[in-house]
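The values are calculated or read from the model by the stated rules, or taken from the named source; none is laboratory data. No experiment lies behind these values; they were computed from the predicted model shown. Quick reminder, even Gly has a Cβ in these numbers, built from the backbone with ideal geometry, and neighbours come from all protein chains shown.
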Amino acid sequence: MKRIRIDFFQKQVRPKWIPHEVMNELERVWTLDKYLRICEVGKANRASSKGGTQHKGGSIPVSEHKRRMAEHLGRQPSVFEVFKKTHYSEKTGEFADHRAAATHDEFLRRKASITSEGGSVQSNEDELNLWLEVAGGKNKKGRIYGLGSETQHVVSSTSTCSNNSSWDFNIQQMQMKMTQMSENYEQVKQENAQLKQATDFIMSALQGMGIQLPTSSNLANQDAPSTNATEDVENER
């Protein structure tokens, strides 16, 4: 249903299997304030700064962005450079969300303040320590804001975040992967619940209008060859 709605509003595409009057009613329901509020709640939950990290890196892992940047720069990029690469769009001049912009500006302000007082933030380790302060340190899952589940990959080259042994590293990596899988499951579960709520609302509205959408079994029956037609062919033989 979500795909149908997106195609309809963005591409003006109407599925052939949905009757014209049903599609008109769907359009009316999709523009109702109640339905729009449901969508906005779901959108806000997904974009919540507390619910997760929004970034503009696409499906490419942060660690892969870091590797490519190292090849391009000829050195290991700092945490701040990796953050800006994955959370800021050079094309639009915008950050992924308000939190990303605020954290970026606060980091630069703090860095300038340290420099003006005679200090310096030159090494990647210095920048990492400052970033930890600005971003609020590691959370209870061992992650740093802006790096998410890729935290260990990105900061592994700095001495402050290196593990004492490869055994500890492997255990931490496994724990982080399990945590990420759990978070992904919960996110999908939440999105499915929101989608079900929106779909139930649409179906209720359609039923109130006396409109019944065709089921998948009905569609299958329509596509299946007629038994009578098959018998006629056999009789002709």
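Here are some notes:
- You will find that of GLU125, GLU150, the residue that is modelled with pLDDT under 85, closer than 22 Å to GLU64 by Cβ and either of a type in the set (Phe, Trp, Tyr) or assigned to a helix (DSSP H, G or I) (or both) is GLU150 and no other.
- Only one of the numbered conditions (1) part of a helix (DSSP H, G or I); (2) more than 27 Å from GLU183 (Cα to Cα); (3) modelled with pLDDT of 85 or more; (4) among the charged types (D, E, K, R) is not met by GLU81, and that is (2).
- Per-region count, region 103-144, residues over 18 Å from GLU81 (Cα atoms) and over 23 Å from the mean Cα position of the chain (by Cα): 7
- Filter pass, ILE211 being touching a helix residue (DSSP H, G or I) at 6+ places or on another chain (Cβ under 9 Å), aliphatic (A, V, I, L, M), at pLDDT 80 or above and farther than 25 Å from HIS65 by Cα: no
- Leading residue by the ranking (nearest to ASN184 (Cα to Cα)) among those in region 59-89 that are out of contact with any Asp or Glu (no Cβ under 7 Å at 6 or more places or on another chain) and among the small types (Gly, Ala, Ser): SER59
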